[in-house]
1. Can you tell me the relative contact order of segment B:1-149? Whole percent, Cα pairs under 8 Å, sequence separation 6 or more.
2. To check you understand DSSP bridge types, tell me what percent of the beta bridges within segment A:1-82 (both residues inside) are antiparallel, rounded to 5.
3. How far, in degrees from 0 to 90, does helix B:80-99 lean away from the longest principal axis of the Cα atoms of chain B, to the nearest 10?
4. Considering every residue in A:47-57, what mean count of other chain Cβ atoms within 10 Å of its Cβ is obtained?
5. Between residue A:81 and the same site in the other copies, what are the distances in nm, shortest first, taking label points 7 Å from Cα along the C-beta direction?
6. Which percent, to the nearest 5, of DSSP beta bridges fully inside the protein assembly as shown are antiparallel?
7. Taking the solvent-accessible surface of protein heavy atoms with a 1.4 Å probe, what is the per residue accessible area of the protein assembly as shown in Å²?
8. Using Cα springs under 10 Å in a Gaussian network model of chain A, which residue among A:82, A:65, A:152 shows the largest mean-square fluctuation?
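The values are calculated or read from the model by the stated rules, or taken from the named source; none is laboratory data. The shown structure was predicted, so the numbers you read here are calculated from the model rather than taken from an experiment. Note: ideal-geometry Cβ built from the backbone for every residue, glycine included; neighbour counts use all protein chains shown. Side chains are part of the model used for accessible areas, which takes the heavy atoms of the whole protein and leaves out ligands, DNA and RNA. Shrake-Rupley method; radii C 1.70, N 1.55, O 1.52, S 1.80 Å.
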Number of protein chains: 2
Amino acid sequence: MARQAIRILGIDPGLRRTGWGVVEVDGTRLSFVACGSVVTDDKAALAVRLVTIHDGLVGVVGDFAPHEAAVEATFVNRDASATLKLGQARGVALLVPARLGLTVAEYAPNSVKKTVTGTGHAEKAQIRAMIRYLLPKAAPKTADAADALAVAITHAHHRRARILSACYAR
Amino acid sequence: MARQAIRILGIDPGLRRTGWGVVEVDGTRLSFVACGSVVTDDKAALAVRLVTIHDGLVGVVGDFAPHEAAVEATFVNRDASATLKLGQARGVALLVPARLGLTVAEYAPNSVKKTVTGTGHAEKAQIRAMIRYLLPKAAPKTADAADALAVAITHAHHRRARILSACYAR
């Protein structure tokens, strides 16, 4: 069977800024495709901001044609209002790839940190350093784009682990 | 200027059940058009459930062609996980009408109760009784469909109040 390169879209959702990153996996080789952020106008109505996130992510899927998606299962321990806001952005971030036919995986922040740096309690700077190492061509300009790439890397790692364990189980 | 009947879509979002209700306003006359619920499979993946809500609401807009939408700004004082779930469903409920070009208003539950029954602390049964009175042809089978009709009625009331005050301000 011919090996096929798989493109993965990682998303770090947020109402103000939604980070996205696309990586390509070919066997054990991981490479950078693109990354960026969808930024919403905080003076606009909530529904309009959600449309901005929607249209931005639809554009990313159209431009880079990923096969699978992964979204950070961000945990917020602040007030209910902040959690509701994040949930609304997250709903749209999960909806877009699913509606366009991609499988959508979810990873907790600790799982992302552990996969990328080896520890669930890594600092932001450690994650940035590992992204520079794993994807030398990536130069994410913002923290949310870097986090989105970390989610994409996490999915690349976990899907390979699943495929390997399926091979050995035969 | 010819008076035009306006159709309003009310939505009571929830991950398990999203209620919807459509009413028509013609001057001071309010009439029932339709109501129902979009129910998701709680064994399905989150992203798939959000697609179900999306497609269900797109179907409602297609079938009943509302001009404006209103969504309940549900307040949840339970755990962060429940709030996040609700937020995700709510994000999709706000997105769909906005993306289809409808204006989307938001009303807090207290405002809905106060508009429909006259008090912000009304019981569910009082709201159901007022819906039967205001929309005799409506027979919502579920609480979420009844709540969605209450949101639509609230928007009908508030938009009329806004139009009247704009007339008097001239």
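1. 32
2. Percent antiparallel among DSSP bridges in segment A:1-82 is about 80.
3. The angle comes out near 50 degrees.
4. Taking the mean over all residues of the peptide, I get 5.
5. 2.6
6. Antiparallel bridges make up about 65 percent of those DSSP assigns within the protein assembly as shown.
7. Each residue of the protein assembly as shown exposes 49 Å² on average to a 1.4 Å probe.
8. Of A:82, A:65, A:152, the Gaussian network model singles out A:82 as fluctuating most.
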